[in-house]
Amino acid sequence: MNELGLIQIYTGSGKGKTTAAIGAGIRAVGQGLRVHMIQFLKGGKNFPPYGEVRALKHIPRFTLEQFGPDHFVNPDAISDEDRAIIKRGLRQAGQVLASGNYDLVILDEINVVLQLDMVNLEEILHLLDNKAKGTEVILTGRGAPPGLIERVNLVSRIELVKHPFERGVTARQGIEY
């Protein structure tokens with residue numbers, strides 16, 4: 001009953017989904033587990049370096065890959081290049097999930113990729129159906145669709161109650177990135 005292999009979702013409009021997933025990953029590493037995180041929509045060369053990327057380089061058994069373009073993806077103008085980057089990330093996620101080399105795999109912002117119709121639900125369900133038996137998975141991002149929520153074992157919804165952005169405070173280094 002205590003074996004790894006469940007699927008979790010961290011979704012909702014609130015801040016902290018990626019941070020919660022990284023926290024779970026750090027907990028796993030602390031127990032001797034191997035963690036791999038794939039970030040979608042993040043990592044382009046024009047973005048400032050995310051603090052978590054810098055920090056995770058110093059944590060043994062916690063690896064990270066990024067599959068994001070060099071710009072924020074405009075939902076009204078998704079390019080073929082944007083889609084190609086995400087498809088490469090999805091192929092890599094499939095290999096990582098099926099490999100059995102990791103105890104926990106985090107697919108960061110995959111729900112947003114779904115919401116933007118850059119991949120379809122069937123592709124994600126296929127990845128999950130073909131993961132190694134003992135691989136735990138965390139899917140993050142706002143807008144997790146009902147069909148995905150129905151399929152997983154745990155869903156945490158992080159709701160926005162109040163945010164400094166509402167008062168014009170922009171993203172702050174070390175806090176939002």
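One table, with the values for the structure above:
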{"read-out": "Condition check for residue 49: over 16 Å from the mean Cα position of the chain (by Cα) and at pLDDT below 95", "value": "yes"}
{"read-out": "Among the residues listed as 59, 78, the single one being closer than 22 Å to residue 19 by Cβ and either modelled with pLDDT under 95 or surrounded by 15 or more Cβ atoms within 10 Å (Cβ to Cβ) (or both)", "value": "59"}
{"read-out": "Region 89-116, subset in contact with a strand residue (DSSP E or B) (Cβ under 6 Å, 6 or more places away or on another chain) and assigned to a helix (DSSP H, G or I), residue surrounded by the most Cβ atoms within 10 Å (Cβ to Cβ)", "value": "110"}
{"read-out": "Residue that is assigned to a helix (DSSP H, G or I) and of a type in the set (A, V, I, L, M), where the choices are 77, 24", "value": "24"}
{"read-out": "Verdict on residue 40 being under 20 Å from residue 124 (Cα atoms), hydrophobic (A, V, I, L, M, F, W, C) and in contact with a helix residue (DSSP H, G or I) (Cβ under 7 Å, 6 or more places away or on another chain)", "value": "yes"}
{"read-out": "Selection count, region 27-48, where residues are out of contact with any Phe, Trp or Tyr (no Cβ under 6 Å at 6 or more places or on another chain) and not in a loop (DSSP other than H, G, I, E, B)", "value": "6"}
{"read-out": "Residues located in region 129-148, provided they are crowded, with 21+ Cβ neighbours inside 10 Å and among the basic types (Lys, Arg)", "value": "131"}
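The values are calculated or read from the model by the stated rules, or taken from the named source; none is laboratory data. Predicted model, so just to flag it, every value in this text is computed and none were measured. Counting neighbours? That spans all protein chains shown, and the Cβs are built from the backbone with ideal geometry, glycine included.
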